[in-house]
Amino acid sequence: MALISHIGIAGFVDTLGAVLAPLYGIVVADYYLVRKQKLNVQDLFSAEPGSTYYFDNGWNKRALFAFSVASLFSVASVWTPALAAWAGFSWMFGALLGAVLHLALMSRKAPVVAAQPM
């Protein structure tokens, strides 16, 4: 609670939005553009190596990279005085940058998913 008192509620909410925006962009880009709205529901809940969403030891390192870079830019636009004019748009830039990076990184080896009925 002391952190919020120190930076103020506006700074806290702006920072939270700046961190969550890239996650939103990555999720939307992955579902609509990478996987083309096709999910393997069984594999969503599987931790088995070789399943559709297992990736590298259970981590999608390309998505983590896209999230890290987009979050860094997005949070920097909130806290860097030189980028203060962009602070109000950090959420949109973070989401867009996360989506574009994720799409670019995942297009190299886009997994083919067979849709299963829900």
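FYI, it's all coordinate maths here, none of it is from the lab. Just so it is clear, the structure is predicted and the values come from calculations on it, not from any experiment. Using ideal geometry, Cβ is built from the backbone for each residue, glycine included, and neighbour counts are taken over all protein chains shown.
Okay, here's what the table says:
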item: Between helix 9-29 and the chain: long-axis angle, C-alpha atoms, 0 to 90°, nearest 10; result: 20
item: Contact order normalised by residue count of segment 4-69, Cα under 8 Å, 6+ apart, percent; result: 24
item: Low-density loop positions, trypsin sites (Lys or Arg not before Pro), segment 1-100 - DSSP coil, at most 13 other Cβ in 10 Å; result: 36, 38
item: Contour minus Cα-Cα distance for residue 92 and residue 65 (0.36 nm per residue); result: 7.9 nm
item: Low-density loop cleavage sites - chymotrypsin sites (Phe, Trp or Tyr not before Pro) in segment 1-73, where at most 11 other Cβ are within 10 Å (DSSP); result: 45
item: Cut-off 17 Å (backbone N to label point 7 Å along Cα→Cβ of residue 38), residues of segment 93-107; result: 107
item: Sites residue 57 and residue 107, calculated FRET efficiency, Cβ-Cβ separation with R0 22 Å, nearest 0.05; result: 0.50
item: Simple Cβ-charge dipole of segment 2-109, Lys/Arg +1 and Asp/Glu -1, about Cα centre, in debye nearest 20; result: 340
